[in-house]
1. Using beta carbons and a limit of 7 Å, which pairs, at least six apart or on different chains, have the first residue in the range 65-90 and at positive phi and the second one assigned to a helix (DSSP H, G or I)?
2. Among the candidates I273, I261, single out the residue that is within 13 Å of ligand 1 (Cβ to nearest atom) and open to solvent by less than 30 Å² (accessible area, probe 1.4 Å).
3. Within the range 238-258, can one find any residue that is in contact with a His (Cβ under 7 Å, 6 or more places away or on another chain) and either away from ligand 1 (no atom under 16 Å from the Cβ) or of a type in the set (V, I, T) (or both)?
4. Pick out the one residue from D318, D227 that is modelled with pLDDT under 95, among the charged types (D, E, K, R) and not assigned by TED's automatic domain parsing to the domain that holds D14.
5. Only one of S268, S210, S281 is outside the structural domain of R25 (by TED's automatic domain parsing) and within 26 Å of A19 (Cβ to Cβ). Can you tell me which?
6. Let me spell it out: the conditions are (1) within 16 Å of ligand 2 (Cβ to nearest atom); (2) open to solvent by 20 Å² or more (accessible area, probe 1.4 Å); (3) not in a helix (DSSP H, G or I), and D170 meets all of them except one. Which number is the exception?
7. Could you tell me which of the residues D227, D232 is open to solvent by 10 Å² or more (accessible area, probe 1.4 Å), of a type outside the set (V, I, T) and not in a helix (DSSP H, G or I)?
8. Could you tell me whether any residue of the range 178-190 is surrounded by 18 or more Cβ atoms within 10 Å (Cβ to Cβ), away from ligand 2 (no atom under 16 Å from the Cβ) and modelled with pLDDT under 95?
Amino acid sequence: MEDQTILGIESSCDETSVAVVKNGRKVLSNVINSQIKIHEEYGGVVPEIASRCHVEVINQIMKQALKEANLSLEQIDAIAVTQGPGLVGALLVGVSYAKALSFATGKPLIAVNHIAGHIAGDFLTYPDLEPPFLCLIISGGHSHLVNVKSYQEYEILGKTRDDAIGEAFDKVARVVGLGYPGGPKIDNLAKQGAPNIPLPLTHLDNFDFSFSGIKTAVINLHHKNPDVNPADLCASFENAVTQMLLTNVEKAIQQYRADKIVLAGGVSRNSYIRNEFDKFSKSKNVKVYYPEPILCTDNAAMIAAQGYYDFIAGKRADLHLNAVPNLKLT
Ligand code: KG4
Ligand code: ZN
């Protein structure tokens with residue numbers, strides 16, 4: 001089969017990113033403009049500001065992505081863009097831009113599901129990884145345990161019934177006074193503490209998750225007892241959510257007789273979670289995969305990678321393409 005070079009565009013939340021990926025596996029460029037510094041002041045992502053920032057930088061980011069890949073727009077085979085889920089105004093910037101590019105160049109347009117994109121972060125990290133496999137997608141908006149049957153077919157085994165895990169990290173961090181974005185700050189502070197505070201774990205009968213109980217418990221503990229060591233609190237929170245993740249992963253591995261678990265999404269950058277999954281890997285003889293850190297959080301290379309598999313499967317979008325803020329994986 002001929003080589004296919006895909007230009008990916010991602011603008012679902014607070015990162016504007018454009019990337020060039022060859023054959024779904026090789027990153028030629030992956031330019032990411034994070035808006036963290038801008039939203040930090042407000043303690044979280046302000047949707048209107050996010051959209052405005054995407055508009056301001058997207059054209060420049062696209063040019064830089066082509067330059068770093070050492071390619072011209074004519075040498076691209078197709079344009080892949082995140083259609084959803086995400087913030088509607090933010091998504092619309094990427095979608096409108098991709099439609100304009102497609103119209104101007106005559107290149108095919110591909111609409112990519114952001115959650116599927118996160119999974120593809122692992123295809124870029126592990127050239128030999130192929131479906132089927134079990135995947136745990138843990139990000140700011142999602143906590144899904146998925147049976148990835150093929151590059152196009154997914155079966156959701158479990159998901160969160162309330163908060164996404166990244167949301168819980170971000171809220172705990174805000175209350176403890178660490179600010180936004182909470183995940184990396186909790187990750188760092190927890191390294192100085194010990195997981196010595198007992199917290200109530202929520203285990204459900206099926207593969208679903210629930211993180212709001214643990215989040216509320218941590219917040220209440222902090223308010224009722226301001227002397228509690230924040231580093232210990234963060235370490236205990238990380239330990240609790242990790243045990244909840246591992247319980248469901250272990251159940252799924254047994255039920256599906258799997259020999260590997262693939263992690264994806266922003267929270268899979270967390271060093272404590274990685275450590276505990278490494279221990280689990282050794283003790284249970286299960287191989288664990290994580291995207292390289294830059295491919296865990298939002299980026300366009302993962303969108304271009306999934307876009308490649310959608311492209312070769314014949315999926316095409318047209319100029320009627322619209323952003324779908326609550327787009328589902330299945
Ligand atoms: O995948 P992502 O970039 O965006 C979504 O699709 O949601 O994930 C962002 C989430 C945020 O909640 C952020 O706090 C979390 O990933 N995150 C982390 C770490 N780095 C990012 N959570 C825990 N530990 C980290 N090191
Ligand atoms: Zn994401």
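1. Every condition considered, the pairs that remain are G84/L91; G84/H114; G86/H114.
2. On the way: I261 fails: within 13 Å of ligand 1 (Cβ to nearest atom).
From the options I273, I261, the qualifying one is I273.
3. The answer is yes, given that some residue of the range 238-258 is in contact with a His (Cβ under 7 Å, 6 or more places away or on another chain) and either away from ligand 1 (no atom under 16 Å from the Cβ) or of a type in the set (V, I, T) (or both).
4. Values: D318 fails: modelled with pLDDT under 95.
Criteria check complete, one pass: D227.
5. Working: S210 fails: within 26 Å of A19 (Cβ to Cβ); S281 fails: within 26 Å of A19 (Cβ to Cβ).
Checking each option against the conditions leaves just S268.
6. Of (1) within 16 Å of ligand 2 (Cβ to nearest atom); (2) open to solvent by 20 Å² or more (accessible area, probe 1.4 Å); (3) not in a helix (DSSP H, G or I), only one is false for D170: (3).
7. Details: D232 fails: not in a helix (DSSP H, G or I).
From the options D227, D232, the qualifying one is D227.
8. Yes, the conditions are met somewhere in the range 178-190.
The values are calculated or read from the model by the stated rules, or taken from the named source; none is laboratory data. All figures in this text were calculated on a predicted structure; none of them were measured in a lab. Here Cβ is always computed from backbone atoms with ideal geometry, including for glycine, and neighbour counts include all displayed protein chains. The area values use the complete protein model at the heavy-atom level, side chains included, leaving out ligands, DNA and RNA. Shrake-Rupley method; radii C 1.70, N 1.55, O 1.52, S 1.80 Å.
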